[in-house]
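Contents: one structure, followed by commentary.
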Amino acid sequence: MTAIYLSLGSNVERHKNITAALDALADLFGELQVSSVYESESVGFAGSHFFNLVVGANTDLSIAELSETLKRIEDDNGRKRSGPKFSPRTLDIDILTYGDFVGVDAGVELPRAEITQNAFVLLPLAEIAAQIKHPQLQVTYQELWASYDQASQSLWAIDFTWQGKQISRA
């Protein structure tokens, strides 16, 4: 089994799509580590605010199989791939890390650069994997968050309930 961390985001029917993604991931992997859900402004384009969170799980899937499975979950939830890279998303699921793998496999570059670039990825990752080390930088996510320019992007935790349990509080 390989430990993985995934980022989830949506700015179209946010609650519905994040809930559907969590349900699909729980069906696929079983027990999940789930961060708080954060709302943030769109980055790279003018659009509705996003809901973002990070999920940790264990998998037997290869990187290629995992990538294809996540694309299928996105597609099942209305993801359109024909638009510009920075545009509204029903659902976006990205592989952040796959164990300690560093490099490119099946067109997926890991660890994902957004970990150190975007507060809406790093903060929820630091929340559920504080003492885990970034596979390339070899510093913990908690240390990365502490050194991140936290004023550069605003985000805030929201109230969010999944499967009858409040997983996030404002």
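Inside the range 139-152, residues that are modelled with pLDDT of 85 or more and outside any helix (DSSP H, G or I) make up a count of 4.
Between a first residue in the range 96-114 that is under 11 Å from H134 (Cα atoms) and a second residue that is in a strand (DSSP E or B) and among the small types (G, A, S), which pairs have beta carbons less than 7 Å apart while being 6 or more apart in sequence or on different chains? Going by the 7 Å Cβ cut-off, the qualifying pairs are L96/S7; G99/A3; L110/G103.
Looking across I95, I73, one residue alone is closer than 22 Å to M1 by Cα, among the β-branched types (V, I, T) and assigned to a helix (DSSP H, G or I). It is I73. In the range 10-38, the qualifying residues are those that are modelled with pLDDT of 95 or more, in contact with a Leu (Cβ under 9 Å, 6 or more places away or on another chain) and not in a helix (DSSP H, G or I), and the one that is surrounded by the fewest Cβ atoms within 10 Å (Cβ to Cβ) is L32.
Any idea which residue in the range 44-84 is farthest from the chain's Cα centre (by Cα), counting only those that are basic (K, R) and either at pLDDT 80 or above or farther than 14 Å from N11 by Cβ (or both)? Here the residue is R81. Selection of the range 115-157 for residues being of a type in the set (G, A, S), touching a residue at least 12 places away in the same chain (Cβ under 8 Å) and surrounded by fewer than 18 Cβ atoms within 10 Å (Cβ to Cβ) yields A130, S152, S154, A157.
With respect to the stated conditions, S168 fails to be farther than 23 Å from H15 by Cβ and not acidic (D, E). When the range 4-20 is filtered for residues that are in contact with a strand residue (DSSP E or B) (Cβ under 6 Å, 6 or more places away or on another chain) and free of Cβ contacts under 8 Å to residues at least 40 places away in the same chain, only R14 remains.
The values are calculated or read from the model by the stated rules, or taken from the named source; none is laboratory data. The model shown is predicted, which means the values in this text are computed figures rather than measured ones. Neighbour counts are summed over all protein chains in view; Cβ atoms, including those assigned to glycine, are modelled from backbone coordinates with ideal geometry.
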